Structures are given as structure tokens and as C-alpha cells.
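J.: Sharing a structure with you now.
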Amino acid sequence: MILVWLKFIICVAIIFFAGSKLARYWDAIAHKTGLSHAWVGIVLLAIVTSLPELANGISSVALARIPDLAMGDLLGACMMNMFSLAMLDLIWGLRGRESLFKTFRESNLVSTFFGVLLLLIASAALALSQFLFDFSLFGVSIYSFVILGVYIAALKVLGQHMDEEEVDEEEYAHLSDLQVYIVFFILALIVIGAGIWLPFIGSEIVSVMGWGKTFVAVLFIALATTLPELTVSLTALRMGETSMAIGNLVGSNIFNVAIIFVVDIFNQPASLLSAVSQNMIYAALFGALLMGIAFFALKKQIANRIPALIIILLYLFSLFFIFQAGALS
């Protein structure tokens, strides 16, 4: 029992340190290429910090053959990111700062809306696959194609709502272009390697502890894979970049749901949506609910910390609910 938790801690540490530095070197690439902070925070950086989820998802279905650990991580990461956003808002409040839900950009609101929409589509897709029918094309669910289509549409809409910003190309002048790209590539390989190892550790936790796969994926694997997002958003807050802190978390959620399509390609011969536990429907719905509360708070520009507290309490309840559902199934 001790050995499996030691492996988990080591894997978490690798993802945390390599993932954090990976995000920093991606920021360096953005500065050197003149990319706007809007695209960096909401789209590109969100994709980079979601590399652990992508690696874990592909490894879970292609190598470990445990699709529940893939889907559970993707949906659990969405829940965890909203929990992180709520915790950051509380920490921000303790420092006497204005609520994050009041200091945002329109692009944050739009991306949160699409996050809710994609999670609702994912929950409906899971329900349809489990209880009605699941038509597949080349082993990939038709619903996964729908998710991909909505994600592409979301990127197009987001592109219309992003404010272009000038970036300081001299900030990373002490690093050569070659150095930045080489280090970024090495860090990406480390993060991907840890992500590939993670589902095997998750499988051991399920066997040793006797817990449900959904619960282990939603809590422990999601905790490990979302550490880069949390670190980047916390760093953004320290820099006063509140919109980037929000954008990274909600943008990662959008990409996490889109990863379902990619993982579905590797989950052969059956489609991913029909191969996972019915408890994943609950995870998707809880994720949509938590993001929905964040969207409402952003839309109404709520100044108090009540939305953050509600998100935290609902997140803890969702873990208990999923744990019980896994025990009964």
C-alpha cells in the first residue's frame, strides 16, 4: 500500500515541477513570437497545461486498457479546475483583493459558457451511448465528433472576443530561441512520460484500496494532472493577470472535453463513451454545474465570495456522491 502511494507522489511531483516549467517556457515562446496574452492564456497555454490529461487519456486506453481512468480524469480535471478557481478567489479575498468574478474579460465569460455547454454535451453523449444508441465511425463515437465540432466553433467565437495585447519580447532576451525550444521539448517529453505512467498507478490504487475507478480518476488522477493549471493560474495572479488566471483554468476545461475525441480514436475497437462507467454521467453533470456557477458569478459580476464557497461545497459533495455511486455499482 505504501509503495503505490509513493509512486503516486513521485508522479505528482514530476508533473508539478516539469509542468510548471513547461508553462513558463511556453510563455517565453509566446513572448519571442509576439503572441497576444489573450490567446496565450485562454487557448494556447490552456492546451499546454493540459498535456498531462492528454497523455494520461491516451495511455489509459491504449496501454493500460482502462477507459474509466481516461474519462474520469478528463471530467474530474474540469471539476478540479473549478475548485482551484474558487480556492484562488478565497485566497485573493484574504489578501484584500477584489473578487476574481469581477475582474475578468469578455473572453473569460465566453470560454466559461462554452465550458458549460461542452460538459452538458458530454453528459448527454454519455447518457445516449449508455442507454440508447451509440453510432460509431471508424470506432469513434458520432458524439465525439459533435464534441470536436463544438470545440472548434468555440475557438472561432473566442477569437472574435479576445483583446489583442502587446507582449514584451525582451522579457526572455537572456534565453536564446534554440534554448527555449529545446528545453520546452524536453519538459514536454517528461510531462508526457509521467502522464503515460499515471494510469498504471491509478490502476494499482483501485486494486489496493478497493475504490471505484471513477472516484480514483476524478480525485487522485485529476489532482495530479491539473497541478500545472493551478500553478500557472497562481503565478498569473501574483503578476496581477487575473484574466489569464481565469482563462487558463476555464480554457483547460474546454480542451479537456475536446480530448475525449482524441482518446476515443485510441480506444479501439469500441467507442470510449460506451466503454466507460455510467458514473461518468454524474462527473460530467457536476462539472457543468460547477462551471455554471462560475459563469453566473462572472455574468453578474458578484463581488462577494459566496459563489466560491458554493463551488467548494458542491465539489466536496460531488466527490462523496461519486465515491458512494462507485461503491454501489
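The values are calculated or read from the model by the stated rules, or taken from the named source; none is laboratory data. This is a predicted model, so every value here is computed, not measured. Cβ: placed from backbone, ideal geometry, glycine included. Neighbour counts: every protein chain shown. Accessible surface areas use protein heavy atoms only, side chains included; no ligands, DNA or RNA. Shrake-Rupley method; radii C 1.70, N 1.55, O 1.52, S 1.80 Å.
J.: Filter the DSSP H helices in the chain by two things, a Kyte-Doolittle mean of at least 1.0 and an axial alpha-carbon span of 27 angstrom or more, and list the hits by number.
T.: Both cut-offs are met by 2-33, 67-94, 106-131, 142-161, 177-209, 242-266, 279-300, 306-328.
J.: Below 22 Å Cα-Cα, how many Lys pairs turn up in the chain? Only count pairs eight or more apart in sequence, or on different chains, if you could.
T.: Summing the qualifying lysine pairs gives 6.
J.: On to the next question. So for segment 169-322, Kirkwood radius off the Cα pairs, Stokes-Einstein at 4 °C and 1.567 mPa s: how many µm² s⁻¹?
T.: It diffuses with D of about 71 µm²/s by this estimate.
J.: Collect residues whose amide H, placed 1.01 Å from N in the peptide plane, falls under 5 Å from the amide H of residue 141; neighbours closer than 5 in sequence don't count.
T.: Those lying under 5 Å, H to H, from residue 141 are 272, 273.
J.: Let me ask something additional. Kindly report, to the nearest 10 Å², the accessible surface of residue 17 as traced by a 1.4 Å probe over protein heavy atoms only.
T.: 130 Å²
J.: Relative contact order for segment 224-309: what is it in percent, counting Cα pairs under 8 Å that are at least 6 residues apart?
T.: Dividing the mean separation by the residue count of segment 224-309 yields 14 percent.
J.: Could I ask something else about it? Residue 140: net charge of surrounding residues, Cβ under 15 Å, Lys/Arg +1, Asp/Glu -1, itself excluded?
T.: So the environment of residue 140 carries a net charge of -2.
J.: Got the relative contact order for the chain handy, in percent, Cα pairs under 8 Å and 6 or more residues apart?
T.: RCO, the chain: 41 percent.
J.: What does the charge dipole of the chain about its Cα centre add up to, to the nearest 20 debye, if the Cβ of each Lys and Arg holds +1 and the Cβ of each Asp and Glu holds -1?
T.: 800 debye
J.: Suppose the Debye formula is applied to equal point scatterers at every Cα of the chain; what is log10 I(q)/I(0) at q = 0.07, 0.10, 0.11 Å⁻¹?
T.: Cα-only, vacuum Debye calculation for the chain: -0.26, -0.53, -0.65.
J.: How big is the accessible area of residue 10 in square angstrom, nearest 10, if you roll a 1.4 angstrom probe over the protein chains?
T.: Accessible surface of residue 10 is approximately 80 Å².
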